[in-house]
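Below is one structure, written out as structure tokens; comments come after it.
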Amino acid sequence: MLQFSKYQGLGNDFLIVEGRQGQLPDAISNPDPAWVRRICDRRFGVGGDGLILALPPQAEGELRMRILNADGSEAEMCGNGIRCLARYLADTDGDAPGRRWDIETLAGMIRPELMADGQLRVDMGPPFLTSEGIPTTLMPEDGLPQGVLLLEGEQLKVAAVGMGNPHVVVPVDDLASIPFDAWGAALEVHPAFPAKTNVHFLQVHSRERLEIRVWERGAGPTLACGTGACATLVAAVLLGLADDCAEVVLPGGPLMIEWRDRTGSVLMTGPAEAVFDGVLTPELVPGLFAVEPQDISINQDMTNPSATTDDTPAASPEDEAAALEQVQKFLSNTSLDSMLNLASESLEQRTKARFERGTP
């Protein structure tokens, strides 16, 4: 049995799995990309833009976040994802407004804060504005890597910004008139971006209001991208298109982005909301029934999460049979209703916590 929670930030949705106490087996904390693709599939799995794992810290943080894209690849950071994780933490632990978390990510320490209105304000750290830091082959001009890329016979003026993950911003006159899917897919894998890139097409309505459409690396079209909104504002400021505080409108809704000091952090403020809690059917739990029973090893035994390292000696056939018997006994003695009750109780506790602190 594997319990999860689904949260969304402006329609960018994620499956969150709790593992802060180190209780997750290795097959989940270091998941196979094929399994991630399966559970993120909107027809054959739960459905989501990605999977977020809340894990024990490895350095000075309170916890560590791993985020896997819907295609199974790992992202360095995700602005909407970290807001969803912070909302989950607040709901689970009953935290009040003003609570701030130090969360370790592949992009460094990120610090979201719960606001009085229930939104999350996140210190995203300073942007990366060097070609090697993004990375990109575009060369800096006026403090911003930029240039012209030839795409399907069109010359596109683009700018690159790193927010711990790579972004390319493409100003256009009219978002509705561009071949979004074709350009987004092509730019994601363009040779100018050796680690691939997130793609954002920008229409400027005013210096305080920007609108973007998002093609996310590893996910394709999404309703929102927090790091992308931050990268867009940074690029727009340096291109002289926007002020240092602006509303960035995405298909899923608006984010407020601030970059008051051109050498300092970018601040992002926006919502994140619970959608539902659930329990994966045993057939979808990695290491149990994803393979034939004779292939199940003791390392994959969900009743012993600590036995998860690759260095664990190979189990004997007797051990494998005993492990499988334990799992089957647990499943036969635990009804699906009981499993679902656990998820319902968890959601009820988080909902109660939200109402008790008087936030939306």
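A short reminder: the numbers here are calculations on the coordinates, not readings from a lab. Because the structure is predicted, anything quoted here is derived from the model rather than measured. All Cβ positions, glycine included, derive from the backbone under ideal geometry; neighbour counts span all protein chains shown.
Over region 223-274, what relative contact order in percent results from Cα pairs under 8 Å that are six or more residues apart? List each step's numbers first, then the result.
Values: 67 pairs, mean separation 16.2, N = 52.
Averaging sequence separation for qualifying contacts and normalising by length gives 31 percent for region 223-274.
With the cut-off at under 20 Å, measuring from each backbone N in region 114-130 to a point 7 Å along the Cα-to-Cβ line of residue 261 picks out 121-130. Shown in residue order for region 72-82 are the 3J(HN,Hα) couplings computed by the Karplus curve 6.51 cos²θ - 1.76 cosθ + 1.60 at θ = phi - 60°: x, 6, 9, 9, 5, 7, 7, x, 5, x, 6 Hz (x for Gly and Pro).
Applying 1/(1 + (r/R0)^6) with r as the Cβ-Cβ distance of residue 157 and residue 116 and R0 = 35 angstrom yields a FRET efficiency of 0.30.
Note on region 1-87: Rg/Rh from Cα positions, Kirkwood definition for Rh, rounded to two decimals, is 0.93. Between residue 30 and residue 182, the simple spin-label model (points 7 angstrom out along Cα→Cβ) gives 4.4 nm.
If neighbour count is taken as other Cβ atoms inside 10 Å, put 232, 281 in order from fewest to most. Before the final figure, lay out each step's value.
Values: 232 31, 281 12.
Ranking 232, 281 by Cβ neighbours within 10 Å, fewest first, gives 281, 232.
Working from label points 7 Å from Cα in the Cα-to-Cβ sense, the residue 207 to residue 71 distance is 3.9 nm. The three principal axes of the C-alpha atoms in region 142-227 carry coordinate ranges of 33, 31, 30 Å, sorted with the longest axis first. Put a dot 7 Å past the Cα of residue 102, heading toward its Cβ, do the same for residue 41, and the two dots end up 4.2 nm apart.
The value obtained for region 182-285, namely the Cα convex hull volume divided by the number of residues, is 153 Å³ per residue.
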